[in-house]
Amino acid sequence: MSETKSVAVVGAGIFGLSLAVALRDKGYLVTVFDRHAYDETQYDPAADENVQAASFRASYGTKLHYQRLALESRQEWIAINKSSGIDLFVPSGMLRVQPSDELGALEKETLANMERDGIRETQFVKSLAEDRKRAKAQGWEGKLLEFPIPDSTDAGTYEAVLDSLGGFMRCSHACLYFQQLAASKGVGFVFGNQRGDVESIVEEAVGDKKKAVGVKTKDGIIHKADLVLDLSTHLESSGGSLATFKIDKDNKALWDKYSPENFPVITWKSTPRNKTGKDTGSVYVLPRTPDGLVKIGFRGIKVRPESSCGLFFSLILRQQFTNFQPAPEGVPFAQDGKWSIPMSPRDSCTIPEAAVDSIWQFVKIFLPEFDQVPFHSTKLCWYTDSLDNSFVIDYVPTYTGNSLFVCTGGSGHGAKFLPVLGKHAADILQNGDKATSFLRPFWRWRPDAPRRNGLEDGPDCPRNIGQT
Ligand SMILES: Cc1cc2nc3c(=O)[nH]c(=O)nc-3n(C[C@H](O)[C@H](O)[C@H](O)COP(=O)(O)OP(=O)(O)OC[C@H]3O[C@@H](n4cnc5c(N)ncnc54)[C@H](O)[C@@H]3O)c2cc1C
């Protein structure tokens with residue numbers, strides 16, 4: 001390829017940074033735009049009073065391709081930890097707590113796939129004596145925690161699987177690391193709420209088609225580029241709820257108990273279940289940060305509500321929220337002229353009551369010391385959901401000359417792939433259908449795919465908490 005092909009990347013988050021580094025390595029001239037002044041804040045979570053950590057798992061049920069990508073990424077994280085001397089990835093383990101005292105169906109699929117890939121010995125099932133023995137021998141036994149099932153008649157505890165490959169990433173530090181890495185390789189950055197905020201894609205008519213020729217930022221400047229990378233098409237924003245507790249360092253018992261050395265990431269498919277036995281959401285907690293923050297997240301599932309009244313309300317309360325607002329003229333993916341977008345940080349400080357209820361239910365069982373303790377902070381955090389929770393990484397066919405490429409749709413699980421996502425995406429960008437990445441078929445532009453995964457619900461669904 002031409003050494004001088006220029007690329008404008010919109011967004012210096014996980015996807016943008018990962019791809020910027022990979023494209024620069026392939027010789028492209030890359031400029032990244034972001035409306036946040038990350039050059040000033042250094043991605044510091046304190047800048048928006050947030051905890052920027054994301055969990056790492058290799059467990060993906062039947063989705064072997066994501067399991068494999070996660071393992072590839074994990075190797076890179078470990079290598080980066082070593083070379084940088086910073087613990088960007090913390091291998092604290094992850095305890096997947098089941099909804100009952102038995103292994104769930106998804107868990108069985110995950111374990112079968114791990115067996116297939118030769119990594120079953122990295123998983124420890126609480127109820128299996130041989131797994132417990134292995135956990136003990138490898139020093140993991142202390143994290144194979146027991147949690148009582150409330151109101152259980154026989155003093156039962158939840159079944160759980162400890163994943164010794166799991167853990168969490170310190171996302172803010174990781175983004176800063178990748179931003180500095182990109183800059184050191186010659187990637188240009190334009191940050192700030194005027195200079196870096198991309199208002200529109202600059203287009204030129206080519207016959208009856210349009211070609212992307214650059215981006216226009218809010219300060220009115222047009223930045224020309226041979227190729228534009230957009231991060232926001234064909235998707236929907238939905239709000240997940242976060243709450244934190246703060247542990248005082250003087251409280252040594254709690255400080256030690258919830259440290260990454262002693263406490264794993266815990267995820268729990270929370271009860272109650274719906275009529276078909278499907279779970280209605282999940283709650284997770286990360287070990288405390290060096291500042292003593294314990295972060296808990298709730299993510300509801302997205303199913304069409306049923307008409308029977310009692311069930312209807314209990315399901316709605318536990319669902320993933322949308323925020324529909326009027327969409328700009330001509331946006332192809334709008335529903336009734338609206339699309340769901342993130343709320344402003346100011347409006348995202350309060351989490352819905354239903355999420356609070358689910359989090360308290362979790363706290364009572366899994367973090368009993370915090371029962372009734374006021375939250376340190378709460379926040380709605382906005383997912384970018386695709387039709388099927390798989391990423392969308394491809395050229396946009398309505399633009400001619402391969403001039404607009406999208407790399408987005410993190411769907412709540414993209415952060416763990418930061419070190420490797422860009423390499424696969426750059427292969428697709430450079431080679432299209434001839435790409436060798438095993439992820440090519442999963443990340444395609446999928447115009448004919450039906451709206452699923454809750455994206456079919458639209459603005460009239462009660463999950464919409466947007467006020468227009
Ligand atoms: C609550 C929550 C929990 C999550 N937990 C996990 C987890 O445990 N594990 C995991 O692996 N993943 C997790 N994720 C997913 C992960 O955070 C995302 O997949 C990932 O951040 C997506 O990367 P991105 O680059 O698309 O978006 P972001 O990282 O959000 O970056 C987008 C960037 O684009 C900028 N931008 C947007 N529009 C413009 C514009 N017009 N002009 C200029 N700049 C613009 C924004 O300022 C931002 O910096 C979670 C996500 C959420 C919301």
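If you rank T110, T122 by fewest surrounding Cβ atoms within 10 Å, what's the result?
Least to most surrounded, the residues fall as T122, T110.
One-quarter of the Cα convex hull surface for the stretch 52-115, in nm²? Don't skip to the end; give the middle numbers.
On the way: hull surface 21.3 nm².
Result: a mean projected hull area of 5.3 nm².
Please give the calculated 222 nm ellipticity per residue for the chain, where each DSSP H segment of at least 4 residues contributes -39500 (n - 2.57) and the sum is spread over every residue; nearest 500 deg cm²/dmol? It would help to have the intermediate numbers written out before the result.
Values: 11 runs with 119 residues, N = 468.
Computed ellipticity for the chain at 222 nm equals -7500 deg cm²/dmol.
For K108, go through the lysines and keep the ones whose alpha-carbon is under 21 Å away, minus same-chain ones fewer than eight residues off.
K63, K126, K133, K143, K269, K278
With a point put 7 Å past each Cα toward its Cβ, work out how far T4 is from N262 in nm, to one decimal.
6.2 nm
List the relative contact order of the chain as a percent without decimals, with contacts defined as Cα pairs under 8 Å and 6+ residues apart. Present the calculation step by step, with values, prior to reporting the outcome.
On the way: 949 pairs, mean separation 93.6, N = 468.
Taking the mean separation of contacting Cα pairs over the length of the chain, I get 20 percent.
Kindly provide the pair-distance distribution of the stretch 348-468 built from C-alpha pairs, with 5 Å bins from 0 and whole-percent values in order of increasing distance.
Pair shares across the bins are 2, 9, 14, 15, 14, 12, 11, 10, 7, 4, 2, 0.
With labels modelled as points extended 7 Å from the Cα through the Cβ direction, what inter-label distance (nm, one decimal) is found for E102 paired with D388?
Here the answer is 3.0 nm between the modelled labels.
Angle between the Cα long axis of helix 64-84 and the longest principal axis of the chain, 0 to 90 degrees, nearest 10?
90 degrees
Arrange L17, L103, L128 by Cβ neighbour counts within 10 Å, fewest through most, would you? Don't jump to the answer; show the numbers that get you there.
Details: L17 29, L103 19, L128 15.
By the 10 Å Cβ count, ascending: L128, L103, L17.
Tally Lys and Arg at +1 and Asp and Glu at -1 over the other residues with C-beta under 14 Å from the C-beta of G337: what net charge comes out?
Numbers: positive: K338; negative: E329, D336, D460.
Net local charge, G337 excluded: -2.
Please report E115, E76 as a ranked list, fewest other C-beta atoms within 10 angstrom at the top and most at the bottom.
Working: E115 12, E76 15.
Neighbour counts put them in this order, fewest first: E115, E76.
Using C-alpha positions alone, give me the convex hull volume of the chain per residue in cubic angstrom.
Residue-normalised Cα hull volume stands at 160 Å³.
Compute the whole-percent fraction of alpha carbon pairs in the stretch 78-182 spaced more than 17 Å apart. List each step's numbers first, then the result.
Numbers: 3332 of 5460 pairs.
Here the tail beyond 17 Å accounts for 61 percent of pairs.
Under a Cβ-Cβ cut-off of 14 Å, what is the net charge of the residues other than V420 that fall near it, where Lys and Arg count +1 and Asp and Glu count -1?
0
Under 29 Å from the Cα of K209, which lysines turn up, not counting those fewer than eight places away in the same chain?
Those lysines meeting the cut-off are K5, K26, K218, K224, K338, K434.
Straight-line reach from K246: which aspartates and glutamates have a Cα under 16 Å away, not including same-chain ones fewer than 8 places off?
Qualifying aspartates and glutamates at Cα under 16 Å: E49, D256, D291, E369, D371.
How far apart, in nm, are two points set 7 Å out from the Cα along the Cα-to-Cβ line at K249 and at I78?
Label-label distance for K249 and I78, simple model: 3.1 nm.
Only the coordinates and a few stated rules stand behind these numbers; no lab work does. As the structure is a computational prediction, the values presented were derived from the model and not from experiment. Please note: Cβ atoms are built from the backbone with ideal geometry, for glycine as well, and neighbour counts cover all protein chains shown.
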